[in-house]
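Below is one structure; the comments refer to it alone.
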Amino acid sequence: MGSMNPVNWRERVPVWKAIEASPLPAGAPSEKAKIVIVGTGLVGLAQAIDLGQRGHDVVVLGRFDFIPLGSKAICFSKRSLDILDRLGVGEQSVERGVVWNVGKVFWKEERAPVYQFDMLPVKNQKMPGFINIQQYYLEEMLIARAMELPNVDIRWGHDVTAIDPGEGSVGVEVASAAGGYHIDAEWLIACDGNKSTIRELMGLDFEGRVFEDNFLIADVKMKGERPSERWFWFDPPFNPGKSVLLHKQPDDVWRIDFQLGWNIDREACIRPENVDPLIRAMLGQDVEYEQEWYSVYTFQCRRMARFVHGRVLFAGDSAHLVSPFGARGCNGGFADIDNLGWKLDLILRGEADASLLESYNEEAIATADENILNSTRSTDFITPKSKISTIFRDAVLELSGEVPFAQGLVNSGRLSTAVSYSGSALNTPDGEDWQGKGIAPGSPALDAPLDEGWLLERLGGRFVLLTNGDPGFAVPGVETIDLSSISNAARALERHDLTPGAAILIRPDHYVAARWKSPTAAAVAGALARAKGALPS
């Protein structure tokens, strides 16, 4: 059984908002559960809501009985906002956060940017390119949403101390202040962060690279008239030879990242008397500000070899780590739960075999690898490791103000965008020539305004056949939405190249599974079966 004396985490981790510790469950000292999620951070809460909305009973175990304070994830991409919208907190997140679409890159003492970009090049979508919001605010929203679902049971201050993965279930030992107990879970989803207890208990580890550089996060509260944009400096006069990043958060809080170098005294670097000169050199000697949070981090680009281990599934930072530049950490975690939720739902309902989870392993690893690749490239550009690399980087920056091709080489952190699964076994390859138009199988559908609301809102979390005209047939398990019967659907039809008679099969996570210029019931049924993991022989 779990220990009767669990760790008092409030003595070790700063508390933003206390939550009353949960009592022992009614089934203690031993109970059964369909799904156990370990971790009450953003990814674990989002996974619980996703599965709860699909009608499943979920137990969430969190070692903390509070929402932690600290400066962690703050940048959330459009793809994540689309996912959060489906979970019921998208609009609230945007309203509470700082919306931004534009990023600017500066070099040396130049006041004008050498390069800028727009994270929402396709306009007229419900969600913006990015928002900035403190992680604890978003956690609070997800907790409130989860508590609205009667089938989601969050247990605060309940810490996993041991697990026993078996063929038919996973034994979970839990410690709490009220006592220890055992859960026999059909499935366990580890969303317990980069220092995952579940990963450690199973003797698993990350593979990858740690970069020899350190960065200071300085979250400060101050009044300012700067626009809500992402500003990044290479080799500025206020941090010579290094980089600085600035963006705005709610409540007049600004995130500043200072590159520090490798051989540093990490404890000394976060002392206010050592941070103050950096801030004043950047913002002016007379700037008035208050310290919110100071910490030092080191770049890591690492992941597990596999995310699926029998009935134990890994998602978020428990499965992969990337450098913060590019905002690919938590956004990658939201992509994980969006991919996993509908697949586990089909398995629990008996509509798919457990082998479908292999596609989660492959697609989530594809996302992690793309994020790691981009994060590695960003880090190598931001912190060149040789004289030749530095010369190349500086030449790119110098040319980027005048030569368009050089702008594409500037890399201050390629920001998170949705990853396409072009090689997924769940895709039905195009059988006709779409001439590169529309959205190919393996890529997410593109939002567009409709007569009331938005396209992605209509898709929900189920299989949908999106058509331009009545197809003349129905396929069990698929809802047909005929855009030709909806006014103001011209942009949706155009963005997906839905010519008259054409159709697109969209997965519950809004990825395109198949498309046809002239669909048949048999073709759609076959593509549906393939998307559920029943691959053709």
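The values are calculated or read from the model by the stated rules, or taken from the named source; none is laboratory data. The structure displayed is predicted, hence computed values, not measured ones. Here the Cβ is made from the backbone with ideal geometry for all residues, glycine too, and neighbour counts use every protein chain on show.
Observations on the structure shown:
- For Ser484, the conditions (1) in a loop (DSSP other than H, G, I, E, B); (2) out of contact with any Phe, Trp or Tyr (no Cβ under 6 Å at 6 or more places or on another chain); (3) of a type outside the set (A, V, I, L, M) all hold with the exception of (1).
- Residue list for segment 513-537, filter: crowded, with 23+ Cβ neighbours inside 10 Å and over 17 Å from Glu362 (Cβ atoms): Ala514, Arg515, Val524, Ala527
- Flag for Arg199 being assigned by TED's automatic domain parsing to the domain that holds Ser22, out of contact with any Asp or Glu (no Cβ under 6 Å at 6 or more places or on another chain) and not in a strand (DSSP E or B): yes
- Flag if Gly62 is under 30 Å from Trp9 (Cα atoms) and buried (at least 21 other Cβ atoms within 10 Å of the Cβ): yes
- Among residues of segment 398-430, those that are in contact with a Leu (Cβ under 7 Å, 6 or more places away or on another chain) and modelled with pLDDT of 90 or more, counted: 1
- Considering segment 293-307, and only residues there that are of a type in the set (Lys, Arg) and in contact (Cβ under 8 Å) with a residue 60 or more places away in the chain, the residue that is nearest to Asn263 (Cα to Cα) turns out to be Arg302.
- The single residue among Asp394, Asp369 that is more than 28 Å from Met127 (Cα to Cα) and of a type outside the set (Phe, Trp, Tyr) turns out to be Asp394.
- Evaluation of Ile506 against (1) farther than 23 Å from Asp85 by Cα; (2) in contact with a strand residue (DSSP E or B) (Cβ under 7 Å, 6 or more places away or on another chain) (one fails), failing number: (1)
- Residue match in segment 184-192 (condition: at pLDDT 95 or above and either surrounded by fewer than 21 Cβ atoms within 10 Å (Cβ to Cβ) or over 28 Å from Ala315 (Cβ atoms) (or both)): yes
- Given (1) in contact with a strand residue (DSSP E or B) (Cβ under 9 Å, 6 or more places away or on another chain); (2) surrounded by fewer than 17 Cβ atoms within 10 Å (Cβ to Cβ); (3) part of a helix (DSSP H, G or I), number of the condition Leu120 does not satisfy: (3)
- Residue satisfying condition, being of a type outside the set (S, T, N, Q) and under 24 Å from Phe334 (Cα atoms), within set Asp497, Asp509: Asp509
- Asp252 vs. criteria surrounded by fewer than 19 Cβ atoms within 10 Å (Cβ to Cβ), without any contact (Cβ under 8 Å) to a residue 12 or more places away in the chain and more than 23 Å from Ser378 (Cβ to Cβ): no
- Scanning segment 485-512 for residues that are among the aliphatic types (A, V, I, L, M) and over 22 Å from Glu363 (Cβ atoms) yields Ile486, Ala489, Ala490, Ala492, Leu493, Leu498, Ala502, Ala503.
- Test: Pro444 is touching a residue at least 24 places away in the same chain (Cβ under 8 Å), in contact with a Pro (Cβ under 8 Å, 6 or more places away or on another chain), crowded, with 19+ Cβ neighbours inside 10 Å and not assigned by TED's automatic domain parsing to the domain that holds Lys343: no
- The lone exception for Lys385 - which of (1) in a helix (DSSP H, G or I); (2) at pLDDT below 80 it fails: (1)
- Segment 487-508, residues that are of a type outside the set (S, T, N, Q), in a loop (DSSP other than H, G, I, E, B) and either over 17 Å from Lys126 (Cα atoms) or not assigned by TED's automatic domain parsing to the domain that holds Trp434 (or both): Asp497, Leu498, Pro500, Gly501, Ala502, Arg507, Pro508
- Restricting attention to segment 381-397 and to residues that are exposed (fewer than 15 other Cβ atoms within 10 Å of the Cβ) and not aliphatic (A, V, I, L, M), the residue that is farthest from Gly261 (Cα to Cα) turns out to be Phe392.
- Taking segment 243-350 as the region of interest, none of the helices (runs of 4 or more DSSP H) fully inside it holds 1 or more residues being modelled with pLDDT of 95 or more and on the phi > 0 side of the Ramachandran plot.
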